[in-house]
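J.: Quick one: the structure is below, questions incoming.
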Amino acid sequence: MTEQRNGLVLKCIGGFYYVEAADAVYECRARGIFRKREITPLAGDHVRFTPQEVGTGSLDAVESRRNFLVRPPVANVDCLLVVAAVTDPAPHLLVLDKMIAIAEYKGIEPVVVVNKCDLGSAQALEEIYRKAGLQVIALSAGKGQGIDELRTHIAGKVSVLTGNSGVGKSSLLNRIDPALQLETGEISRKLGRGRHTTRVACLYPLAGGGYIVDTPGFSSLDMEKAERIPKEELAGCFREFGALAGRCKYASCTHVKEDGCAVLAAVERGAIAPSRQESYAAMYNEAKEWKEWEYK
Ligand code: ZN
């Protein structure tokens, strides 16, 4: 009898799970038990599987997850790279703040990546997000500047890229690991599909250790719709608000427009960027309208 082994799901497609083990990637089918228990294995899942015929196996069990995203469907994410461009397209701060808040809510480290630094100054964005206590990496995927800092930061981690279309996610992916583009094409060819016809999350091993998750077909809007943060939890997803906890005049302060609000006072004296509080307030007002079934 063949022994069970540990693996990592790199990709799920058409009912097959591509599981990376120490020696090779195995094409696995999930056992019927998953359907009965309503567990869907995801890319990024740590699993137990039993090798069968050459290169194949049966997926037996999914280990418990540290976190997971619904769209794109990926588990055990360490780092969410929230990508914006200095210009072309102009940064959409509300979208950035929503992605950052989702990462915080899920226990994923958000990193703001400011691309196209060769076309303008990244200073305004750097100031907003460094003030918020977030890691900011300014670079130019086009010119290949600042890529090493990003590469160092994501080494050994599972990182997902998100951002509006046009910010340069694909060119960034190819800069991070020049082998990535070739490999993406190769896998698509083996599967007999073009990479843009499928909406899947796929983990690619990085030369420096860790994985980058390519999520063709998924937009930041998909993520925003799938991951709703209840209004009570929202302030906790803006890390610079944390230091002010309990300092508002009213214990029930929502930090939207109340008198004696410590967050609004911090905006007033320049300690918090106005755009961060504005995004928070917009998200709070949206969340107020949701019915419980929409996010529970
Ligand atoms: Zn307040």
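Values quoted throughout were computed directly from the atomic coordinates according to the rules given, and no laboratory measurement underlies them. Everything quoted here is computed from the prediction, not taken from an experiment. When we count neighbours, we look across all protein chains shown, and the Cβ atoms used for this are built from the backbone with ideal geometry, even at glycine.
J.: Listing Thr40, Thr56, Thr215 from the residue with the fewest other Cβ atoms within 10 Å to the one with the most, what is the order?
T.: Thr40, Thr56, Thr215
J.: Could you work out how far apart the two model spin labels at Ser252 and Thr2 are, taking each label as a point 7 Å from the Cα in the direction of the beta carbon, and quote it in nm?
T.: It is 6.2 nm.
J.: Give me Met99, Met223 ranked fewest to most by other Cβ atoms within 10 Å of their Cβ, as a rough exposure proxy.
T.: Fewest-to-most Cβ neighbours within 10 Å comes out as Met223, Met99.
J.: For a quick check of your reading of the filter: which GluC sites (Glu not before Pro) in region 30-111 sit in a DSSP loop and have no more than 13 other Cβ atoms within 10 Å?
T.: Passing both the DSSP loop test and the Cβ count: Glu38, Glu53, Glu63.
J.: Could you check the spin-label model distance between Trp293 and Arg48? Points 7 Å from the Cα along Cα→Cβ, value in nm.
T.: Once both label points are built, they end up 3.7 nm from each other.
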